[in-house]
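Chemist: One structure, pasted below without further comment.
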Amino acid sequence: MTDLRIRRWIFLGLAVIVVLTMLVPVTTKVTVSPYTQRMYDYIDSLPAHSVVMVSFDHDASSQPEIRPLSLCLLRHAFSRGLKMAGVSFQSEGTVIGYRMIEQTAKEFGREYGVDYVYLGFRPQLQAAILQLGESIRGLYAQDYFGTPLDSIPMLVGIDSLAQIAVVLSIADANNTTHWMEYGKARFNVPIIAGVTASMVTSYDPYLSSGQLSAMVGGLRGAAEYERLLNRHGAGQRGMLAQSATHLYLIALILTGNFIFLRARRGKK
Amino acid sequence: MIASTIADSRWLDMAKLPELVGSVVVIAIVFLATMNRSIQSAKLRKINGLEAIEDAVGRATEMARPVLFTPGWGGDIQRPTTIASMNILTKVASLSAQYDCTLLYPTHDPVIMTVAQEVVREAYTDSGYPDRYRADNINYVSSSQFGYAAAVDGIISRQKPASIFLLGTFEAESLILAETGNTVGAIQIAGTDSTIQLAFFIVACDYTLIGEELFAASGYLSGNPSIVASVKAQDILKVVIAVILVAATIWATTARILDIETVQWWKF
Amino acid sequence: MDWGTLVAGLLTFAVFSFLYRDNPAYKWAESLLIGVSIGYTLVIAWTSTVSAMIIDPLSSGRWGVIVPLAVGLMLFGRFFPQTRSWSRIPIAVIIGSGAGAAIPAMLDARILNQMSPTVAPLWGNGLVASFGAIVLLSGVLSTLAYFYFSRERTGWFGAVASTGTWFLMIFFGTTFGYTVMSRVSTFIGRMEFVLGDFLHIIHQ
Amino acid sequence: MFLQYFSPHPLARAVNRGMLDYWQILSAIALVVGVVGVARTNLMGLIAGKDRINRLTVLAGVMAMPILAWLWGTTAGSPFVWMFEYVQMPMQATVFALLAFFVASASFRGFRARNAQATVLLVSATIILMSRLSFGEGFLSQFQWIGDWMRDNPSMAARRAILIGIGLGSLTTSLRVLLGVERTWLGGSK
């Protein structure tokens, strides 16, 4: 069999496994990791009415993975009575961020301009963060809908990162690093992050060095968070498919090696 | 610390003093090393990926197929990584000028595109073949991450480059490009400062420049004594860092064993 | 089903068809994606840069933006042979200032902050912690040795540097494992859309 | 830009802000240069009669988005956002989802126990995959702490060293640029 044909069979196998496991209505029980617990406790301990800046630092493409997690974090924050200021430094995250924040605010009956506000997109993340440290109005004269910031009740007396309790960066790439390198290092605002699973290792050192105050990652993190919030959601639903795929990948690694080692022995 | 977020009339923020001292020391070491004649003649060890560049371009020429070079989606021109990638581009461009091999350079950033066009044009001119330069082959494809990935994938599967250089700041698109490159049987030389993507490149590519190796590349390729010396300066700094780490660890361990409260001078 | 979901579903399948081989449906979807995403970027650049940073300040009499604008416009010099060298100026400014800004930021986040947490007492916090601290310190040191360029890898130094390779391999393996989770999750999330919103096989 | 990092003085901040504005303005201007290139290539292809439908699609996409935005605005619910939510977003997410498949083929092909180091690579990847299974408590949950330990110690060590290395590499590259030793980006070494 040629390499290309083997590839197609591998692809087909993966598709079949994921589709089948998603159709099985079984939920697996996840254990909550200390990371997720730390994030939960962090948000839980913020005083009510403090302002959280939510930065949607991800692209449309990561939405399938990160959506369950964003929903969890936003729901938790709204349920705690925190005020949310949404921003986005990834143009594609703009609408997504608005939809997320709008949806969860509605669930909790929060009012635009009083409990949450959406400022929209600005390019050049690092430039923008430095500017936010100086003056929010310097970066955003108006919110997403063109209302001047001065006529938004929630933002009275708030004009720089110094008045922000914490920045929640929902990210699929290195953007949280910029928040730490510029926002935290320079303006000392705490940073917490909801990230894709692949970013977890990258951000680990920052977590242990304290540049990142808390972090939760991936669909698994969402499943754990859903459990802490006592809600059933897409995170928990995806876990069986996730685990089955991991087993499939392990099987592929083993088969690959089996073929390789046998071929090598054949040569000897 | 909050004070540091507010502009005031002080010229120096005392909280940033360690960084300032550090920067001055680093700059001094690099500067002195660059000027020092004996350091300029330092010998550098081999880096596999760099040695393979010439073969890769030669292979493409023999197979009458193009060479593809792309700097990834994550960087902008200000990033040192992009500058480092440009150094290797110069080498690849002058080789493809000499061998009369088509060089394709798709990018996600128009500023990078303009710089790359200059770099390649200059390399072709320096090699004595200005007429072989085609500006159209160095193009902006799309700023969106997966728009870029889809476009480069399309180019790879239709033009079937014999050698692919993935050098720069990569994010999730890394494996999409590397695996597609693999299906057309290309030799792939990758290098990035994005730590997660390194894992994928290691698995999927023939040669991978790991982090700092990418930056050191210009010392190797240009042979410019000042640049060689600055690579040597990096090594000197590494020794300094190692000595500090060991000294601090001994300090901390001794303090712990003797149970003494001590200044944690290594915490910045 | 609404139009949007239908369009999104069909485009999803067109992109997945690339897994079998490059084909006209994928090619068309790719062209559409490229076109639309460039158009999208143009709009974003217009609203957030041209309109917000150039037109608004100018129309309200803040002329300061003219300087960066004029330098930036020199980039168009590249279209004419006589003025080609002009386009290097804006690039030089951006690279120079970028390099200046990178130095302290890199030192702080990439070097100092990575050094501090590596330092921990090697003894006195229990066996597991000690073992961890020893592994961590020796890992950092040997991997640094791997990146040492100006010395051939022979003798004791070669041994240290090759220990560094082992740590690197563990890191790559671990990262690969964790990243795989993310990729698989994305596919699962996409299938939630295909099986749920589009085909209505599962109910959310 | 280097000195302003350390200073809270208003002048330093103003210099900083001006420079950042400039970065942003320059990328917008360069975008025009880039799009002109895209349009030119596709128009020439269209005239030459190669691959007409696809080239037309690219051009239509490039033009449609600004027109939609200009006519109906760009907030949630407008046609521009519809195009984004139902055309651009699903396709991007799907291209991303292709990665799951590529990960599978790379696992099959790339993780071969060629030598001791490659074996370490494959064993640690396998352990992490095992550690992230969600089949409840029991035997498999043992892998979780092994995985966490690997992540926090040996893997973290290598990552730190890589980061320090990258930091050093970036620093010296930046310095080389400032000292004028490194001039490739100007196009050539002159």
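The values are calculated or read from the model by the stated rules, or taken from the named source; none is laboratory data. From a predicted model like this one, the values you see are computed outputs, not experimental measurements. We place every Cβ from the backbone using ideal geometry, glycine too, and count neighbours over all the protein chains shown. Ligands, DNA and RNA are stripped out before the accessible areas are found, and what is left, the full protein with its side chains, is counted by its heavy atoms. Shrake-Rupley method; radii C 1.70, N 1.55, O 1.52, S 1.80 Å.
Chemist: According to the Cα gyration tensor, what semi-axes, each the square root of 5 times an eigenvalue, does the equivalent ellipsoid of region B:48-222 have, listed from largest to smallest in whole Å?
Modeler: Gyration-tensor ellipsoid for region B:48-222: 21, 17, 17 Å.
Chemist: A further question follows. Going through the DSSP H helices of chain B, which span 18 Å or more along their own axis at the Cα atoms while scoring at least 1.0 as a mean Kyte-Doolittle hydropathy?
Modeler: Length and hydropathy pass: B:17-35, B:225-257.
Chemist: Nearest 100 Å², what total accessible surface is buried between chain C and chain B (probe 1.4 Å)?
Modeler: 5400
Chemist: By accessible area of protein heavy atoms, probe 1.4 Å, what ranking do B:K46, B:K238, B:K267 get, highest first?
Modeler: Largest to smallest exposure gives the sequence B:K46, B:K267, B:K238.
Chemist: What Kirkwood Rh does region B:225-268 have if only Cα atoms enter the pairwise 1/r average? Answer in Å.
Modeler: Hydrodynamic radius (Kirkwood, Cα only) of region B:225-268 equals 12.3 Å.
Chemist: Stokes-Einstein at 37 °C, 0.692 mPa s, Kirkwood radius from Cα pairs: D for chain C in µm² s⁻¹?
Modeler: 136
Chemist: Counting only residues 5 or more places away or on other chains, whose amide H sits under 5 Å from the amide H of A:M84 once H atoms are built in the peptide plane?
Modeler: A:V52, A:Y116, A:V117
Chemist: Tell me the per residue accessible area of chain B using a 1.4 Å probe; a whole number in Å² is fine.
Modeler: 35
Chemist: How big is the shadow of the Cα convex hull of region C:1-61, averaged over all directions, in nm²?
Modeler: Here the figure is 5.9 nm², rounded to one decimal.
Chemist: Still on this structure, I have one more. Kirkwood Rh, region C:114-204, all Cα pairs: how many Å?
Modeler: It is 16.7 Å.
Chemist: Would you please name the trypsin sites (Lys or Arg not before Pro) within region B:93-155 that are DSSP coil residues with at most 15 other C-beta atoms within 10 Å of their C-beta?
Modeler: Passing sites in region B:93-155 are B:R134.
Chemist: Arrange the residues B:D126, A:D159 by how much accessible surface each exposes, largest first, with a 1.4 angstrom probe.
Modeler: These residues rank, largest area first, as B:D126, A:D159.
Chemist: Specify the longest stretch of chain A that does not include any exposed loop site, a site being one of the chymotrypsin sites (Phe, Trp or Tyr not before Pro) with a non-H, G, I, E, B DSSP assignment and at most 16 other Cβ atoms within 10 Å.
Modeler: A:146-268
Chemist: Please list, or write none, the lysines whose alpha carbon is within less than 18 Å of the alpha carbon of A:K83, excluding same-chain residues fewer than 8 places away.
Modeler: Output for A:K83: A:K106.
Chemist: Could you check how much of the accessible area of region B:90-219 is carbon and sulfur, as a whole percent, using a 1.4 Å probe?
Modeler: Answer for region B:90-219 is 42 percent, counting heavy atoms of protein chains only.
Chemist: Stokes-Einstein diffusion coefficient for the protein assembly as shown at 10 °C in a medium of 1.306 mPa s, Rh from the Kirkwood formula over Cα pairs: what value in µm²/s?
Modeler: The diffusion coefficient I find is 57 µm²/s.
Chemist: Here's another thing I want to ask about it. Check each of the trypsin sites (Lys or Arg not before Pro) in region C:29-108 and keep only those in coil by DSSP with at most 15 other C-beta atoms within 10 angstrom; list them in order.
Modeler: Of the trypsin sites (Lys or Arg not before Pro), the ones in loops of region C:29-108 whose Cβ has at most 15 other Cβ atoms within 10 Å are C:R62.
Chemist: Run the helix sum for chain B: -39,500 (n - 2.57) per DSSP H stretch of 4+ residues, divided by residue count, reported at 222 nm to the nearest 500 deg cm²/dmol.
Modeler: The helix contribution divided over chain B gives -19000 deg cm²/dmol.
Chemist: What angle, in degrees between 0 and 90 and rounded to the nearest 10, separates the Cα long axis of helix A:200-209 from the longest principal axis of the Cα atoms of chain A?
Modeler: It works out to around 50 degrees.
Chemist: Buried accessible area between B and D (1.4 Å probe, both chains summed, ligands and nucleic acids excluded), in Å² to the nearest 100?
Modeler: 5200
Chemist: Can you pull the semi-axes for region C:39-119, root of five times each eigenvalue of the Cα gyration tensor, sorted largest first, whole Å?
Modeler: 34, 20, 13
Chemist: Do you know the relative contact order of chain A, to the nearest whole percent, from alpha carbon pairs under 8 angstrom that are 6+ apart?
Modeler: Once divided by the residue count of chain A, the mean separation gives 24 percent.
Chemist: Then there's this: Do any trypsin sites (Lys or Arg not before Pro) in region A:3-45 lie in a DSSP loop with no more than 15 other beta carbon atoms within 10 Å, and if so, which?
Modeler: A:K29
Chemist: Let me ask you something else. Over the alpha-carbon set of chain A, divide Rg by the Kirkwood Rh and report the Rg/Rh ratio to two decimals.
Modeler: Reported Rg/Rh (Cα atoms, Kirkwood Rh): 1.07.
Chemist: Further question: For C:K27, list the lysines whose Cα falls under 22 Å from its own Cα; do not include residues on the same chain fewer than 8 positions away.
Modeler: B:K160, D:K50
Chemist: Something else: Averaged over A:161-173, how many beta carbons belonging to a partner chain fall within 10 Å of each residue's beta carbon?
Modeler: Mean number of neighbouring Cβ atoms from other chains: 2.
Chemist: Using R₀ = 41 Å, calculate the FRET efficiency as 1/(1 + (r/R₀)^6) where r is the Cβ-Cβ separation of B:V246 and A:T31; round to 0.05.
Modeler: Efficiency for this residue pair is about 0.60.
Chemist: Now a separate question. Placing +1 on the Cβ of each Lys and Arg and -1 on the Cβ of each Asp and Glu in chain B, which of B:S144, B:L95, B:F200 has its Cα farthest towards the positive end of the resulting dipole?
Modeler: Result: B:L95.
Chemist: Still on this structure, please answer the following. On the full set of protein chains, 1.4 Å probe, figure out the accessible area of B:F31 and give it in Å² to the nearest 10.
Modeler: Accessible area of B:F31: about 90 Å².
Chemist: Separation between the C:R62 and D:A39 pseudo-spin-labels, each 7 Å from Cα along Cα→Cβ, expressed in nm?
Modeler: Using points 7 Å along Cα→Cβ, the separation is 3.0 nm.
Chemist: Using a 1.4 angstrom probe and counting only protein chains, how large is the accessible area of D:M130 in Å², to 10?
Modeler: Rounded to the nearest 10, that gives 40 Å².
Chemist: What's the total accessible area buried between chains C and A, using a 1.4 Å probe, rounded to the nearest 100 Å²?
Modeler: 3200
Chemist: Computed FRET efficiency, Cβ-Cβ of A:F108 and C:I55, R0 35 Å: what is it to the nearest 0.05?
Modeler: Efficiency at R0 = 35 Å is approximately 0.35.
Chemist: For a quick check, take a GNM of chain B with Cα springs below 10 Å and name the residue from B:V246, B:V24, B:V152 with the largest mean-square fluctuation.
Modeler: B:V246
Chemist: For region B:91-192, what's the relative contact order in percent, using C-alpha pairs closer than 8 Å and at least 6 residues apart?
Modeler: Relative CO of region B:91-192 lands at 25 percent.
Chemist: Per the helix-only calculation at 222 nm, which mean residue ellipticity applies to chain C, given -39500 (n - 2.57) for every DSSP H run of n ≥ 4 and division by its residues, nearest 500 deg cm²/dmol?
Modeler: Rounded to the nearest 500, the figure is -20500 deg cm²/dmol.
Chemist: Given H placed on each backbone N at 1.01 Å, which residues far from A:G120 in sequence or on other chains put an amide H within less than 5 Å of it?
Modeler: A:S88, A:Y144
Chemist: Right, something else. Considering only protein heavy atoms, with the full assembly of protein chains and a 1.4 angstrom probe, order A:E102, B:E261 by accessible area, largest first.
Modeler: B:E261, A:E102
Chemist: If packing is taken as the mean number of other Cβ atoms within 10 Å per residue, what is the order of B:176-182, B:196-202, highest first?
Modeler: Listed from highest to lowest mean packing, they are B:196-202, B:176-182.
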